[in-house]
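What follows is one structure encoded as structure tokens, with my remarks underneath.
Every number here is computed from the coordinates shown, using simple stated rules; none is lab data. Predicted model only: the values in this text are computed from it and were never measured. Don't worry about glycine lacking a Cβ; one is built from the backbone with ideal geometry, like all the others, and counts go over all protein chains shown.
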Amino acid sequence: MSHNPDTYYSRSEVSNSDLTELKNILHPRMQFGDKEAAFRFGSLVDAIITEPARVDYYRLTVDDEQYTEDEFRHAQEMLKALRMEARRDEFLFKVLGYAETQRFMVNTQQQFTYCGFPFSLDTRCKWDWWLGLFGGDLKTTFASTQQQFEEAIDFFDWDRSRKFGVIMQPKCGMIRSTTVDARNMKNWLSSTGI
């Protein structure tokens with residue numbers, strides 16, 4: 001359950017997360033590990049990096065969600081690793097320094113075609129980082145090898161998430177990724193751009 005106070009999660013438009021839930025209902029698959037715990041930790045990392053005003057370091061909370069000292073320490077190590085990577089990656093440096101965070105967009109009557117059947121949906125998309133003409137997402141995973149990392153991309157449909165974002169912002173078209181290692185954890189910044 002998301003404790004994020006913004007209105008994005010209570011909106012009626014279809015999001016990529018909604019499509020993922022529908023896919024999981026229609027095509028169930030074996031779940032490895034604790035998906036809710038992984039998303040919960042990812043929410044902590046995301047808040048520390050993109051929405052620090054939501055983070056209470058004294059109480060170890062994000063909004064009303066309580067975390068442990070170890071979780072906070074681990075998330076802060078990931079932030080430190082991301083900043084270290086930004087010293088070597090000029091693009092990531094600019095993203096961290098100049099991007100608007102947690103930007104969402106709505107498309108009414110977005111046109112789709114599935115199996116030759118045209119239809120439309122009201123859709124929404126949220127970007128962790130937005131730079132005016134393109135945006136990106138921060139993803140966390142326990143992958144410790146490139147193969148595990150690519151399997152996580154497929155398992156969580158992160159590539160579809162960015163394709164969904166491109167549909168929302170049609171001028172976008174490129175995918176870029178930056179991998180940052182911190183205690184066998186990896187972050188994935190995927191951004192679409194001109």
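One table, with the values for the structure above:
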| quantity | calculated |
| --- | --- |
| Selection from Thr108, Leu79, Gly132 lying farthest towards where the dipole of region 72-140 points positive, charges on Cβ | Leu79 |
| Distance between modelled label sites at Gln147 and Thr108, nm, 7 Å Cα→Cβ extension | 5.0 |
| Whole-angstrom Cα spans of region 1-117 along principal axes, big to small | 50, 33, 27 |
| Reachable aspartates and glutamates from Lys35, criterion Cα separation under 13 angstrom, eight or more residues apart if same chain | Glu21 |
| Near-label residues of region 10-32 by backbone N, under 18 Å of a point 7 Å along Cα→Cβ of Cys115 | 19-20, 22-28 |
| Chain lengthening between Lys94 and Arg59 when straightened (0.36 nm per residue, less Cα-Cα) | 9.5 nm |
| Inter-part distance where region 63-98 and region 11-50 are each reduced to a Cα centre, Å | 20 |
